[in-house]
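The values are calculated or read from the model by the stated rules, or taken from the named source; none is laboratory data. Small disclaimer: the values here were computed from a predicted structure and weren't measured. Here the Cβ positions follow ideal geometry from the backbone for every residue, glycine too, while neighbour counts run over all protein chains shown. Each accessible area value is taken on the protein alone, full model and side chains, heavy atoms only, with ligands, DNA and RNA left out. Shrake-Rupley method; radii C 1.70, N 1.55, O 1.52, S 1.80 Å.
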Amino acid sequence: MIDLQIRAATADEAEAVLAFWRESAEGTSVSDDVDGVTRLVARDPEALLLALADGRIVGSVIAGWDGWRASLYRLAVLPAYRRRGISTALLRAAEERFTALGGRRVDAMVLEANGTGRMLWAAAGYEREDHWRRWVKPLTERTRREKREG
């Protein structure tokens, strides 16, 4: 049994969080940079939850709440620490956060190719909804300019 601490990340941990994600998370995001992590923490200081063991980041989840929807992103556990209940502890903390904020349902972003992740979410009681599809548009400087001019 490991001594696990779950707590919110701080802005000064952005580099450590990014290093952890490079080692532990599936896929990458356009927001995977120091600015993205520090803006997340500044906007919602309780959203980025970390699991620590012996002072080391061994797990993370982003528990985003916009006042309407509860969304989970970046659930990841350091490979050497998997199958020890860390993702369960992180999900419990995220779900408690959402319940306290008035959330009624949680959505999780899971890469289609992430078979391990899909099994984890199913084991945690989450169900896949095949009738939804994600639509995305990068907000680069060009697309922001087009929107202003359009």
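Once you put a point 7 Å from the Cα of Arg133 and another 7 Å from the Cα of Arg56, both along the Cβ direction, what distance in nm separates them? In this crude spin-label approximation the distance works out to 4.3 nm.
Working from the Cα coordinates of segment 1-71, the gyration tensor eigenvalues give, after taking √(5λ), semi-axes of 19, 15, 12 Å in decreasing order. Of the solvent-accessible surface of the chain, computed with a 1.4 Å probe over protein heavy atoms with every protein chain present, carbon and sulfur atoms account for 51 percent. Gyration tensor over the Cα atoms of the chain: the corresponding equivalent ellipsoid has semi-axes (square roots of 5 times the eigenvalues, largest first) of 26, 19, 16 Å.
Protein heavy-atom accessible surface, 1.4 Å probe, per residue over segment 20-150: 70 Å². Each residue of segment 25-108 gets 107 Å³ once the volume of the Cα convex hull is shared out per residue. Just checking the listed ones, Leu72, Leu120, Leu48: in the Gaussian network model of the chain with Cα springs under 10 Å, the one fluctuating most is Leu120.
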